Amino acid sequence: MRKKIIAGNWKMNKTPSETVTLIDELKPLVATDEADVVFCVPAVSLTTAIEAAKGSNIQIGAQNMYYEESGAYTGEVAPGMLTDIGVKYVIVGHSERREYFAETDVTVNKKVLKAFEHGITPIICCGESLTQREQGVTIDFIRQQIKIAFLNVTPEQAKTAVIAYEPIWAIGTGKVATAGQAQEVCKAIRDCIAEIYGDAAAVAIRIQYGGSVTADSAAELFSQPDIDGGLVGGASLKPDFGRIVNYK
Ligand code: PEP
């Protein structure tokens, strides 16, 4: 039985002091043993967030990471810097990073490998555009993203990864995928993992849905057999996130 994982992606929101206020507010609302709860905060707030979340069930994740150990990469954050302060998760390949910061399937793969090397769990994002959905190529496109993201990842590592299926047309638009649409793609992702690694990895890996999840849509989405929780943007910054985490 897979434990659900519900992660908030704060994107470029909240200063370090606002982070403390929001974590204090959300702490009692997201308390549960039934799901892993992760807050992915801006890099500058990671240390503050880890401190603020101490003693709670909230784990802190980064929203990005570079794939080199150190060196002349101005503005980047190295994996060792994240583990040094206690970061457990990192979002890799979010569609906003692909669109605005030239992230590609190849750099996603490099980051995934580096995250595993450092014992950080990657939350690997994939998702089709509206045009791809309308052209009927969604599953082919997602399979390609997954196959490249997992190049040279071992079966043992794959079992511990988290994949976030986030249709681009649903992110920040208020247009949530239907439970049927989300389940269809999450099942196809699990089938793809089974083809690469076999059934044990496919059964173990956790696959989230992301894209305009709200307290009203969470229960139906997260009850689908191949959806193991969500990656939540806008609604993770509000008390509503407590209702999403405790969706049952
Ligand atoms: C996201 O940022 O990953 C996301 C799904 O955003 P939203 O929930 O706001 O659509």
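The values are calculated or read from the model by the stated rules, or taken from the named source; none is laboratory data. Predicted model, so just to flag it, every value in this text is computed and none were measured. Methodologically, a virtual Cβ is constructed for each residue, glycine included, from the backbone with ideal geometry; neighbour enumeration extends over all protein chains shown. Side chains are part of the model used for accessible areas, which takes the heavy atoms of the whole protein and leaves out ligands, DNA and RNA. Shrake-Rupley method; radii C 1.70, N 1.55, O 1.52, S 1.80 Å.
Values as computed for the structure displayed
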{"item": "Options GLY174, GLY234: the member that is at positive phi and surrounded by fewer than 23 Cβ atoms within 10 Å (Cβ to Cβ)", "result": "GLY174"}
{"item": "Enumeration of residues in the range 61-96 that are touching a Cys at 6+ places or on another chain (Cβ under 8 Å) and either away from the ligand (no atom under 16 Å from the Cβ) or assigned to a helix (DSSP H, G or I) (or both)", "result": "SER95"}
{"item": "Residues being open to solvent by less than 70 Å² (accessible area, probe 1.4 Å) and free of Cβ contacts under 8 Å to residues at least 40 places away in the same chain - total across the range 178-191", "result": "4"}
{"item": "ALA201 hydrophobic (A, V, I, L, M, F, W, C) and touching a Pro at 6+ places or on another chain (Cβ under 7 Å)", "result": "yes"}
{"item": "Flag if GLU166 is acidic (Asp, Glu) and open to solvent by 30 Å² or more (accessible area, probe 1.4 Å)", "result": "no"}
{"item": "Whichever residue in the range 118-132 is touching a helix residue (DSSP H, G or I) at 6+ places or on another chain (Cβ under 7 Å) and part of a helix (DSSP H, G or I) and, among such residues, is least open to solvent (accessible area, probe 1.4 Å)", "result": "GLN132"}
{"item": "Contacts under 9 angstrom Cβ, first residue in the range 10-30 being without any contact (Cβ under 8 Å) to a residue 60 or more places away in the chain, partner in a helix (DSSP H, G or I) and open to solvent by 60 Å² or more (accessible area, probe 1.4 Å), 6 or more apart", "result": "THR15/VAL44; PRO16/VAL44; PRO16/THR47; VAL20/GLU51"}
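Let's see how each residue does on (1) closer than 30 Å to ILE23 by Cβ; (2) more than 16 Å from the ligand (Cβ to nearest atom); (3) of a type in the set (Ser, Thr, Tyr); (4) part of a helix (DSSP H, G or I):
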residue	(1), (2), (3), (4)
ILE163	yes, no, no, no
CYS192	no, yes, no, yes
GLU195	no, yes, no, yes
SER236	yes, no, yes, yes
